[in-house]
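Here the structure comes first, spelled out in structure tokens, and everything after it is commentary.
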Amino acid sequence: MKPLAIALLALTACASADSGGHVGGVDANHNGSGSGSDATVDIDAPIVLPIDAPPQPVQVVLTQSTSMTIDAASSFGCNQTNPQYTKANSYYRVFKLSDSGITTPFTLQKVSFAVQQALAGNSAADQPLQLKIGTYVGTEGGTTLPGTTTPINASSNLRVPNGNLTMVDVPFTDTIPAGASLIVELAIPDGIAAKNLFFVGTNGGGETKPGYIKAADCSVSTPTSMASIATANSLPPSDLIITVTGTH
């Protein structure tokens with residue numbers, strides 16, 4: 001871990017009476033004696049056509065990570081050094097619904113993120129952070145995220161307990177419109193006064209699109225890909241682990 005320097009209806013067949021007192025073409029008054037048609041009228045059993053079941057929601061996990069294993073030392077962030085405490089950092093992933101074959105509205109169930117290290121100061125057992133979701137319009141997959149974000153929801157009073165190499169699940173029940181791109185932001189507040197240390201969970205296993213970081217205190221004022229920062233600072237690959245589970 002390194003500080004960053006920079007219906008079909010059921011149908012039945014039924015008989016009907018005609019004007020000559022016949023039902024289904026058979027004399028209704030025939031008593032069965034002599035020759036002629038049988039007195040028994042055979043009425044077909046009901047024909048029940050199957051009713052199509054309504055479409056069932058399909059659960060999908062949106063991920064851009066090739067591996068979900070959390071590395072013990074591949075993360076970085078904007079931190080104070082000597083002693084090392086965390087400054088304000090925001091981490092992002094953008095999920096274009098069509099990339100996962102989703103063409104209908106997407107209903108979230110939870111957002112999950114990895115923690116490499118969380119250590120609260122002043123003998124506290126946990127530290128605050130916030131998880132935000134919204135829609136994003138703009139360039140995706142580039143070095144930066146210069147587009148526009150429309151907020152939808154944000155977690156409140158979220159606290160992460162001390163621990164290493166863990167996953168955290170945060171429930172959401174919001175719906176993302178069809179054809180949209182979902183943006184997730186993991187916002188870490190300045191923890192210097194509280195003496196908090198936090199490193200988001202990452203690995204070097206590969207990713208289909210970049211994860212991003214914004215840290216104004218380290219001169220990263222626009223969300224910038226972690227891959228480009230790692231390369232520029234001769235750091236190992238640091239692929240952000242954030243996933244979204246939902247149905248469509």
Sorted from largest to smallest, which semi-axis lengths in Å does the alpha carbon gyration tensor of segment 76-221 give for its equivalent ellipsoid, taking the root of 5 times each eigenvalue? 28, 17, 13
Could you give me the percent of Cα pairs per 10 Å distance bin for segment 163-248, shortest bin first, beginning at zero and ending with the bin that holds the maximum distance? 12, 40, 37, 10, 0
Add +1 for every Lys or Arg and -1 for every Asp or Glu among the other residues with Cβ under 15 Å from the Cβ of GLY246, and state the total. 0
Collect residues whose amide H, placed 1.01 Å from N in the peptide plane, falls under 5 Å from the amide H of GLY211; neighbours closer than 5 in sequence don't count. MET226, ALA227, LEU240
Residues whose modelled amide H sits under 5 Å from the amide H of TYR85, counting only those 5 or more places away in sequence or on another chain, are GLN80
In segment 96-229, what percent of the accessible surface is made up of carbon and sulfur (1.4 Å probe, ligands and nucleic acids excluded)? 51
For segment 120-159, the Rg and Dmax computed from alpha carbons only, in angstrom: 15.2, 43
Write down the Å³ per residue value for the convex hull defined by the alpha carbon atoms of segment 141-200. 162
Within-14-Å neighbourhood charge of MET167 [Cβ basis; K, R +1; D, E -1]: -1
GluC sites (Glu not before Pro) lying in DSSP loop within segment 117-216, provided at most 16 other Cβ fall within 10 Å: GLU140
For VAL220, net neighbour charge (Lys/Arg +1, Asp/Glu -1) across residues whose Cβ lies under 13 Å away: +1
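The values are calculated or read from the model by the stated rules, or taken from the named source; none is laboratory data. Quantities reported herein were computed from a predicted structural model and do not represent experimental measurements. All Cβ positions, glycine included, derive from the backbone under ideal geometry; neighbour counts span all protein chains shown. Just so you know, the surface numbers come from the protein's heavy atoms only, side chains and all, with ligands and any DNA or RNA stripped out. Shrake-Rupley method; radii C 1.70, N 1.55, O 1.52, S 1.80 Å.
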